[in-house]
1. Restricting to segment 111-151, what's the tally of residues that are touching a residue at least 40 places away in the same chain (Cβ under 8 Å) and more than 19 Å from the chain's Cα centre (by Cα)?
2. For segment 137-174, give me each residue that is of a type in the set (S, T, N, Q) and crowded, with 19+ Cβ neighbours inside 10 Å.
3. Among the listed residues Asp23, Asp17, Asp13, Asp40, which satisfies the condition of being under 28 Å from Pro112 (Cβ atoms) and at pLDDT below 90?
4. Filter segment 126-167 down to residues that are at pLDDT 95 or above and charged (D, E, K, R), then give me how many there are.
5. Report yes if Ala68 is at pLDDT 85 or above, within 21 Å of the chain's Cα centre (by Cα) and within 18 Å of Ile144 (Cβ to Cβ), otherwise no.
Amino acid sequence: MESHNVNNSLNIDMEKDQEKAFDYSKRAQWLRAAVLGANDGLVTTASLMMGVGAIKPDVKTMVLTGFAGLVAGACSMAIGEFVSVYSQYDIEVAQMKRDNGGVIDKEKLPSPIKAATASALAFSIGAIVPLLAAAFVKTYKVRIGVIVAAVTLALVMFGWLGAVLGKAPVVKSSARVLIGGWLAMAVTYGLTKLVGSHGMS
């Protein structure tokens, strides 16, 4: 009897573990769109602002560049996600028709519009960080420092959030995101400074 109870307990624990694993696998799609979208918005906009700031240090130019990057990036992310998810939608509809004799369960299908909206929103949230950091700082060097500090904090937070929600190693995930963001800003700043100083009259 005790052995039977132990086996039941083990089976219940195994089922719970399987449910948890299934939940995380289902979460992967929206997690990728949300966290990576916000990270893309953050890094892309900050890098654009740093690059333009390398040759045009006034705050208006940097903020306008960041805003243009936000709008363009959000639109690009939305369109890309819409096209990608719509392709997945078509594939799943075709598979359902083959498997269910033409019956389609719409609740199980992905939503291209929701995916596009979520992706654009996530990108915009990330892009707002460097914009707000730069908007109210008039001194150029201080502004650059504030942008780097704000972006660094946000990168760590996005890396941590992605790791926690996806059950990945927190330190490694945060470090990858942080180093990648720093590298993008540094390369954009350095190359733009080089081209601005020597490649243009």
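1. Final tally of qualifying residues: 7.
2. Step one: of segment 137-174, the residues of a type in the set (S, T, N, Q) are 139, 152, 173-174.
Correct list: Ser173, Ser174.
3. Asp23
4. Going through segment 126-167 one residue at a time, the tally reaches 0.
5. On the way: at pLDDT 85 or above: yes; within 21 Å of the chain's Cα centre (by Cα): yes; within 18 Å of Ile144 (Cβ to Cβ): no.
Spelling it out, it is not the case that Ala68 is at pLDDT 85 or above, within 21 Å of the chain's Cα centre (by Cα) and within 18 Å of Ile144 (Cβ to Cβ).
The values are calculated or read from the model by the stated rules, or taken from the named source; none is laboratory data. Computed from a predicted model, the values in this text were never measured in an experiment. Quick reminder, even Gly has a Cβ in these numbers, built from the backbone with ideal geometry, and neighbours come from all protein chains shown.
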